[in-house]
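The values are calculated or read from the model by the stated rules, or taken from the named source; none is laboratory data. Given the structure is predicted, the values throughout are model-derived calculations rather than measurements. Virtual Cβ from ideal backbone geometry, glycine too; neighbours counted across all protein chains shown. Surface areas here come from the heavy atoms of the whole protein model, side chains and all, with no ligands, DNA or RNA. Shrake-Rupley method; radii C 1.70, N 1.55, O 1.52, S 1.80 Å.
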Amino acid sequence: MVCGRSLPRRDESPSPAERYLLPAVVRATALYGRHRARHRHPRHLAPYVLCHGHNLAITAGLYLRCGGTPRIPLEGPPEDVVLLNRAREHSDRIARAERMVVHTSLRRLRAWGARRTLLWCWDRRYLPGDPKQVHVR
C-alpha cells in the first residue's frame, strides 16, 4: 500500500494560502497522526501514513485481507483512516509516495472555513447542525 499527497485542484483557482498553506497543514497533521497514541497500537505492523482523501494505492490481496473500505456514514470516522489502519494490521509494507498526487476539491474548506474543516478532519470534532450540510456540493 502506498499513500500519496493531496494538492488543491488548479481549476478551482486556489489562493496562495490554499495552494501553499493547505499542503503544509496536511503535512503537519500527518506528523501528528504518526505520533498519536491511537495510531501507535502494537497490532499495527507499519507506521501511520496519512492517506488524505483516499489518495492511496493498495493491492487487491491486501484490500481483501483488511475487509475493504468500510461502509461508514460520511459523518462517521474517516473511512480512509479506517482502511489504512486495517491495512496496517495485515502488512508492514505501507509507505508514503510523494510523487503520487491527487488534486482535491476546496469546496469544504471554502464552505466551512479552515477551523471547522480541520476539526471535521480531526475525528469529526466539528459536525454541522444540519446533517445535510455534511455533503458539501
Within the stretch 89-137, which chymotrypsin sites (Phe, Trp or Tyr not before Pro) sit in a loop by DSSP and count at most 15 neighbouring Cβ atoms inside 10 Å? 122, 126
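If you count only protein heavy atoms with a 1.4 Å probe, what accessible area per residue comes out for the stretch 1-108, rounded to a whole Å²?
Working: 6460 Å² over 108 residues.
Value returned for the stretch 1-108: 60 Å² of accessible area per residue.
So what's the net charge close to residue 89: Lys and Arg +1, Asp and Glu -1, counting the other residues with Cβ under 12 Å from its Cβ?
Details: positive: 43, 65, 86, 88; negative: 92.
With Lys, Arg at +1 and Asp, Glu at -1, the net is +3.
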With labels modelled as points extended 7 Å from the Cα through the Cβ direction, what inter-label distance (nm, one decimal) is found for residue 119 paired with residue 82? 2.3
In the chain, carbon and sulfur make up what percent of the accessible area (probe 1.4 Å)? 56
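Give me the dipole magnitude in Debye, nearest 20, for the stretch 50-137 about the Cα centre, with unit charges on the beta carbon: positive for Lys and Arg, negative for Asp and Glu.
Numbers: 16 positive and 8 negative charges, 60 e Å.
That gives a dipole near 280 debye.
Might you report the magnitude of the Cβ-based charge dipole of the stretch 1-104 about its Cα centre, with Lys and Arg at +1 and Asp and Glu at -1, to the nearest 20 debye? Can you show the working numbers first?
Working: 17 positive and 9 negative charges, 81 e Å.
Charge dipole of the stretch 1-104: 380 debye, to the nearest 20.
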Please give the Cα centre distance for the stretch 120-137 versus the stretch 45-78, rounded to the nearest Å. 20
per DSSP, antiparallel bridges as share of beta bridges in the chain, % nearest 5, sits at 25
